[in-house]
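Here is the structure we will look at, set down as structure tokens.
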Amino acid sequence: LIDGAAGYGYTLTEDSRVPPQMFDRLELEALVLGLGWLGWQGDPALADAAERALAKVTASLPPRKADEARHVAHLAYAFDRKPPVPEFMPALREAAWEERAVEIAYTDRDGKRTERRIWPLSIVYTDYEPWILAWCCLRRDFRRFLISRVSSLTETRESFRPRRAPLLREMLALSYSED
């Protein structure tokens, strides 16, 4: 809203008629459940970001809805111990966003150690531990790498921009067509 008066100039006033964010109870439960789950599954930076995001959402709600968010019936909790989170997770996440290749030392399911250059397309959090969906430069094909089998990760300067989103769509389409 713009207010103005001769001799005083103009002021921009926040429109009090714009409603605050409105979520129904089920949407609030979905947000709390999803963001809370990252506290168990995510690396420390991602878990902290989820906690901050939930605090911002809750703070923007009217009091009754904020109370609903604080007292939802569904919560994320794991009875198992949290799997160790590798220190390289922030670098891996950044490489995926920036579309930069990384080199990994990986132990396959047969115990054979390999060195791979990959284009990280996505980090997928499954029911217990995360995977990397990637284009493998060695195999020249899509691969899934269990993060717990990656012993080291080295960032490179090689860019694969702007191919991440189309490659990820292609990989997911192939995965769903194989099922």
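Overview of results
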quantity: Residues that are under 18 Å from the mean Cα position of the chain (by Cα) and either assigned to a strand (DSSP E or B) or under 15 Å from residue 93 (Cα atoms) (or both), drawn from region 158-175; calculated: 164, 165, 168
quantity: Verdict on residue 133 being open to solvent by less than 80 Å² (accessible area, probe 1.4 Å), modelled with pLDDT under 95, within 16 Å of residue 122 (Cα to Cα) and under 19 Å from the mean Cα position of the chain (by Cα); calculated: no
quantity: Selected residue (only one of 17, 52 is out of contact with any strand residue (DSSP E or B) (no Cβ under 8 Å at 6 or more places or on another chain), at pLDDT 80 or above and open to solvent by 80 Å² or more (accessible area, probe 1.4 Å)); calculated: 52
quantity: Enumeration of residues in region 92-116 that are at pLDDT below 95 and open to solvent by less than 50 Å² (accessible area, probe 1.4 Å); calculated: 108
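The values are calculated or read from the model by the stated rules, or taken from the named source; none is laboratory data. Please read all numbers here as calculations on a predicted model, not as lab measurements. Glycine gets a Cβ as well: all are built from the backbone with ideal geometry, and neighbour counts include every protein chain shown. Only protein heavy atoms, including side chains, enter the accessible area calculation; ligands, DNA and RNA are left aside. Shrake-Rupley method; radii C 1.70, N 1.55, O 1.52, S 1.80 Å.
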